[in-house]
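Colleague: Before anything else, here's the structure in question.
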Amino acid sequence: MDQQTILLQILDSGIAHCSAVVVEDGGILGALFMAGLTGSLLHCTGMCGPFVLSQVTARMQAIPAGKMREWHRLTGAALVPYHLGRGTTYVFLGSIAGVLAGTLGGFSALKWLSAALLVLAALLFLGQALPKFKLHLPGLRSLERMWSDGVGRHAKALFAAPNGWRGYLLGVLLGFIPCGLLYGALAAAAATGDALAGAMGMAAFTLGTIPALFGIGAVGQFAVTRWRGLVDTVAPTLLIINAGILGFLAYELVV
C-alpha cells in the first residue's frame, strides 16, 4: 500500500468522523455558534473591543497615508491572524474539555455528566443575558483577575505590531483570558465527551464571535454603540432561547 493511499484512507476516516460528530452533536454545535454570535454582541464588544481597535489602529498606522485604500481598512479590520490564534486556543481547550468529560464520566455515567454540563452552560449563558442573574463562585473573580493580568503582561509587547505570527500569537494568548461566556461554551463542548466534538464545538463558537468583532474593527466602537439599544433588546432574548435549547438537549439525554 503506497503512501498516497494511506493518506487518502486517513482523510476519509477523518471526514467520516467529522460527519458523525455533526450528526450526533449537531444541536450542541449549532447552539455554540449561536452563543458566540449573540453573546459576542453583548459581551465581546465590550471586553475584546479595545483589543481589536488597538490592533486595527497599529496596522493602519504602519500603512503610508498616500497608499491607504478602502480594502486596507477592511483587511485590517478582519484581523485574520488574531482570530486564527483565538480559534486555536478555543479548539485546544474544547478538545481537552471533551477528553476530560469523557474520561471522568465513563460510558455509563457520561449521559448524566453531559446533561449536568449542558445545564451549567445554559445557566452561564443566562448569566450573560441577564446581568442580575449571575453565578458567584468563591474566589473565582480574583482568580480571573490574576490570570487576565498575567496574560496581559505577556501580550503587551505584541500589540505594537500585531501582524502575521505576532497577531496569531496575540490571539493565542488572549484566548486564555477567562470570561463567563467562554466558561459556558467550554461546558457545552465538554458535554460531548469527545475530543473532536469538543474541538468542533469551540470552532463553531469562535466563528460566531467573529462578525461582531469585525464590525468593531471596521466601523469603530463608537458607531457600534449607536446600535446598543437594539442589541441590548435582541441579543439577550436570543441568548435566553439558546440556553433553553441547551436545557432541552440536557433533558433529552436523561429521559
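Colleague: Filter the stretch 65-92 for residues that are in a loop (DSSP other than H, G, I, E, B) and modelled with pLDDT under 65; which is most open to solvent (accessible area, probe 1.4 Å)?
Modeller: ARG69
Colleague: Quick check on my filter: what residues within the stretch 176-198 are more than 11 Å from the chain's Cα centre (by Cα) and under 11 Å from LEU29 (Cβ atoms)?
Modeller: Result: ALA188, THR192, ALA197, GLY198.
Colleague: A follow-up question, please. Looking at GLU144 and the list (1) over 19 Å from the mean Cα position of the chain (by Cα); (2) at pLDDT below 90, which single condition is not satisfied?
Modeller: That leaves (1) as the condition not met.
Colleague: Residues being modelled with pLDDT of 90 or more and of a type in the set (S, T, N, Q): count how many of those fall in the stretch 93-125.
Modeller: The total comes to 2.
Colleague: One residue is enough: does the stretch 199-207 have a residue meeting the conditions in contact with an Asp or Glu (Cβ under 9 Å, 6 or more places away or on another chain), open to solvent by less than 20 Å² (accessible area, probe 1.4 Å) and either modelled with pLDDT of 85 or more or over 25 Å from PHE33 (Cβ atoms) (or both)?
Modeller: Within the stretch 199-207, the first condition is being in contact with an Asp or Glu (Cβ under 9 Å, 6 or more places away or on another chain), and the residues that meet it are 200-201.
Restricting the remaining residues to those that are open to solvent by less than 20 Å² (accessible area, probe 1.4 Å) gives 201.
If we keep only those that are either modelled with pLDDT of 85 or more or over 25 Å from PHE33 (Cβ atoms) (or both) too, we end up with 201.
Yes, the stretch 199-207 contains a residue that is in contact with an Asp or Glu (Cβ under 9 Å, 6 or more places away or on another chain), open to solvent by less than 20 Å² (accessible area, probe 1.4 Å) and either modelled with pLDDT of 85 or more or over 25 Å from PHE33 (Cβ atoms) (or both).
Colleague: Sticking with this one: Counting just the residues of the stretch 183-198 that are buried (at least 24 other Cβ atoms within 10 Å of the Cβ) and assigned to a helix (DSSP H, G or I), which one comes out modelled with the lowest pLDDT?
Modeller: GLY184
Colleague: Which is in a helix (DSSP H, G or I) and modelled with pLDDT of 80 or more, of ALA35, ALA58? Before you say what the answer is, go through the steps one by one.
Modeller: Numbers: ALA58 fails: modelled with pLDDT of 80 or more.
Residue meeting the stated conditions: ALA35.
The values are calculated or read from the model by the stated rules, or taken from the named source; none is laboratory data. It should be emphasised that the depicted structure is a prediction, and the values quoted were computed from it without experimental measurement. FYI the Cβ positions are ideal-geometry reconstructions off the backbone, even for glycines, and counts take in every protein chain you see. All accessible areas refer to the heavy atoms of the entire protein, side chains included, with ligands and DNA or RNA removed. Shrake-Rupley method; radii C 1.70, N 1.55, O 1.52, S 1.80 Å.
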